[in-house]
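*Asks:* A single structure is presented below for examination.
The values are calculated or read from the model by the stated rules, or taken from the named source; none is laboratory data. It should be emphasised that the depicted structure is a prediction, and the values quoted were computed from it without experimental measurement. FYI the Cβ positions are ideal-geometry reconstructions off the backbone, even for glycines, and counts take in every protein chain you see. These accessible areas exclude ligands, DNA and RNA; they are computed on the full protein's heavy atoms, side chains included. Shrake-Rupley method; radii C 1.70, N 1.55, O 1.52, S 1.80 Å.
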Amino acid sequence: MLAALFANVLGLCAQNVVYRTGTAIDQQAIAAAVLRESMNPLFLQPERFVVASDAADEQRVLGFGQLRPLSGAWELASLVVEPEARGRGLGSALVRRLLARVEGEEVWLLTLENTRRFYEPLGFVETPPGAAPLTMRLEQAVGSVVAGVVAGQQCIVMNTRAGAASAPLP
């Protein structure tokens, strides 16, 4: 059993990934994964997403994330990498591709405190909630209550100016 799992992971690591803009066909997979990960299921417009799929089977979604307009800035949201595709840099690649879409603009995100180390190398820094746009402050207040109950963590606010992370796109 362990050998089969290991072979599957190695096979997944060796395959190519295709990045594309989300479409209406992705809507159901995105919504299901967002709900499974206990994330905010509102405002899931597929055309705002970058979707990573298996090059051999482009219907097989490996991960995705979106940028939502936010009071003169952007919100990085709904970043999900399927469990079998984690640990390969796919999440970082998705974030870099999303940030490249809004080069030079301010980008905010809400995340659980234990994911801070993932976002910091991508140029994000923790920011006091009061510095965030009003809609994000409201979402952070509600998110902190939910995160405390569901995950036993705090919801933190981070931001960056797109292009702050120097790593190239894969």
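*Asks:* At a 1.4 Å probe, what is the % contribution of carbon and sulfur to the accessible area of the stretch 89-133?
*Replies:* Heavy-atom surface of the stretch 89-133 belonging to carbon and sulfur, 1.4 Å probe: 50 percent.
*Asks:* Which of the trypsin sites (Lys or Arg not before Pro) across the stretch 37-145 are loop residues per DSSP, with 15 or fewer other Cβ within 10 Å?
*Replies:* Here the trypsin sites (Lys or Arg not before Pro) that fit, given the DSSP loop and packing criteria, are Arg86.
*Asks:* Give me the net charge of Glu58's neighbourhood, meaning all other residues with Cβ under 15 Å from the Cβ of Glu58; Lys, Arg count +1, Asp, Glu -1.
*Replies:* -2
*Asks:* Here's another thing I want to ask about it. Please compute the net charge surrounding Cys155, taking Lys and Arg as +1 and Asp and Glu as -1 over other residues with Cβ under 9 Å from its Cβ.
*Replies:* For residues surrounding Cys155, the net value is -2.
*Asks:* What are the chymotrypsin sites (Phe, Trp or Tyr not before Pro) within the stretch 20-87 that DSSP puts in a loop, where the Cβ has at most 13 other Cβ atoms within 10 Å?
*Replies:* The qualifying sites are Phe43.
*Asks:* Under a 1.4 Å probe, what is the accessible area of the stretch 13-61 per residue, stated in Å²?
*Replies:* Each residue of the stretch 13-61 exposes 58 Å² on average to a 1.4 Å probe.
*Asks:* Classify the stretch 77-131: rounded, prolate or oblate, from the alpha-carbon gyration tensor (a ≥ b ≥ c, eigenvalue square roots; a/c under 1.5 rounded; otherwise prolate if a/b is larger than b/c)?
*Replies:* Oblate, because a/c is 1.5 or more while a/b does not exceed b/c.
*Asks:* Work out Dmax and Rg for the stretch 17-99 from the C-alpha atoms and quote the Rg first, both in angstrom.
*Replies:* Considering the stretch 17-99 through its Cα atoms, Rg and Dmax are 11.8, 39 Å.
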